[in-house]
Amino acid sequence: MKNTSSPTDPARPPPETGLPPGTIRLAADATPPVIHIFGFGPDELYEGTVEKPADLPALRGRWPVLWVNVNGLGDEGVLEGIAEAFSLHRLELEDIANFNQRPKVEVYDQHLFIVLQLQRWLEPGVELEAEQLSLFLGEDFVLSFQEQVGDPFDPVRGRLRRGRPMIREGGADYLAYSLMDAVIDNYFPMMQAYGDFLEELEDDVIEQPNIETLERVRETRKIIRDIRRAVWPLRDAVSSLQGEHMPFFEETTRPYLRDLHDDTLRIIDLAESYRDQVAGLMDGYMSAVSFKMNEVMGMLTLVGTIFLPLSFLTGLYGMNFDTTSPHNMPELAYPFGYPILITVMLTMAGVMLLFFQRRGWFELTGLGRS
C-alpha cells in the first residue's frame, strides 16, 4: 500500500522544527528513484531510462520537448542532481520530499512548480491511498516526481507512442496539461465506486444498524474528508493557471485549462454531494437504532401487558389458604381447578393478542412485518 495522506504516517519522517530552509528529509522506506525520459517532437520519439542525473543536461535541446519522470524519492543525491540540471530551487526540493504539501502553483523565472494530489480508493475497507505528484514546466521540458512506481499516465504515454499529433506538436505546456488531466480524470472512477459503495452502505444502515455498520460509516466519513481536503486546493491551483499573465502556457493550451477547471468543479460537486450523503447515513443510523429500540420496547410492553393479569391470577391462587375455612376461595376445592385456571389464563392471553392485533399494535413492534 502506498503512503497515505495522514501527517502521522510512521513511514514518513515526523515534523521537526528549527531546520534550515531547503532541508530535504526523506522517508526511511522511500523507494529508490528510477528516471524515465521521453524526448519527442512532431516526427520523432525517444523513450528510455537515465542512470545518472549528470546525463540529463546533454539531453536538453535534443528534442523539442523532454519529459523526465522520476519514480521514487529515496536518494537525495539524485534529486539534487536533477535540480542542478534544470535549475530548480532548493526550496522546491524540500517541497518534493515533503509529502504533505497542498496542491499549489508557484512561478519561478525558468519554470512553473505545480503540486497535485493523486488519490486511489481501491475497495471498501481499504484506506484511501494518497500520493503527491510534483510537476515542473519549462519552455522545453516537463519534470514529474512521484513517491512510488505506478501512476495514471499510461494513456499519455500511449498517445506519445502512437504519434498523436496534438500531444506531439503541442509542446511542453500541452504535455503538462495532459499529465494534470490524467491525474484529475483518475478521480472520476474512484468517485463512481465511492458512490456505489454509499448506496450499499445506506441499505446496511437501514437493515443492519449494528456496531460494524457504524464503524463503516465512520471510515466512510474519513475518506470523503480526505478527498475534499485534496480536491478543494486542487481547484484553486488549476484556477490560478488560467491567469492571463501565467507564463509557460501558450494561448492554444488555455482552453484546455478551462476544461480542466470544469472537471475539478465536477469532482467538488460530487464530493459535496457525498459528504451530505454520509451525514445522512449518520442520521439514518441513529434513526434506525432508535426505531429498533422502539420495537424492542414495544415487544417488551406487549409481553408485560399479557403477563400482568396472568401473574395476578397465579399470585392470587398461589397463596396458602386454609381449605377448611368457610371464608376461603371455593375454587381451591374444585377437582378440576387447575385445568380450569390454565384454560382461563390461555383464553385471556388469546383475547388480548387478538385485541392487540386489531388495534394494530403489532405493527409498532415489528411483528406485523414479514
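The values are calculated or read from the model by the stated rules, or taken from the named source; none is laboratory data. Computed from a prediction, not measured in an experiment: that's the story for all the values here. As a convention, Cβ positions derive from the backbone with ideal geometry for all residues, glycine included, and neighbour counts pool all protein chains shown.
Of note:
- When each of ASP181, ASP151 is tested for being over 24 Å from ARG62 (Cα atoms), touching a residue at least 12 places away in the same chain (Cβ under 8 Å) and not assigned by TED's automatic domain parsing to the domain that holds ALA85, the lone residue that passes is ASP181.
- Tally, over the range 116-150, of residues that are within 18 Å of the chain's Cα centre (by Cα) and not in a strand (DSSP E or B): 8
- Near pairs, Cβ below 6 angstrom, 6+ apart or cross-chain, from the range 225-238 (under 12 Å from VAL278 (Cβ atoms)) to any residue that is modelled with pLDDT of 85 or more and aliphatic (A, V, I, L, M): ILE227/ALA271; ARG228/ALA271
- Residues of the range 188-221 that turn out to be surrounded by 13 or more Cβ atoms within 10 Å (Cβ to Cβ) and of a type in the set (Asp, Glu), as a count: 3
- Unique match (being basic (Lys, Arg) and farther than 16 Å from VAL115 by Cβ) among ARG221, ARG229, ARG235: ARG221
- Test: residue in the range 187-202 that is part of a helix (DSSP H, G or I), touching a strand residue (DSSP E or B) at 6+ places or on another chain (Cβ under 8 Å) and closer than 24 Å to TYR46 by Cβ: no
- Those strands (runs of 3 or more DSSP E) lying entirely in the range 31-97 with at least 1 residues small (Gly, Ala, Ser): 34-41, 44-50
- For the range 35-83, a tally of residues being free of Cβ contacts under 8 Å to residues at least 60 places away in the same chain, surrounded by 13 or more Cβ atoms within 10 Å (Cβ to Cβ) and among the acidic types (Asp, Glu) returns 4.
Quick grid of which residues meet (1) in a loop (DSSP other than H, G, I, E, B); (2) polar (S, T, N, Q):
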position	(1), (2)
GLU212	no, no
ARG218	no, no
ILE223	no, no
PRO247	yes, no
LEU260	no, no
GLN277	no, yes
MET297	no, no
LEU313	no, no
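- Residues that are buried (at least 16 other Cβ atoms within 10 Å of the Cβ) and touching an Asp or Glu at 6+ places or on another chain (Cβ under 9 Å) were ranked within the range 267-298; the one that is nearest to GLU215 (Cα to Cα) is LEU281.
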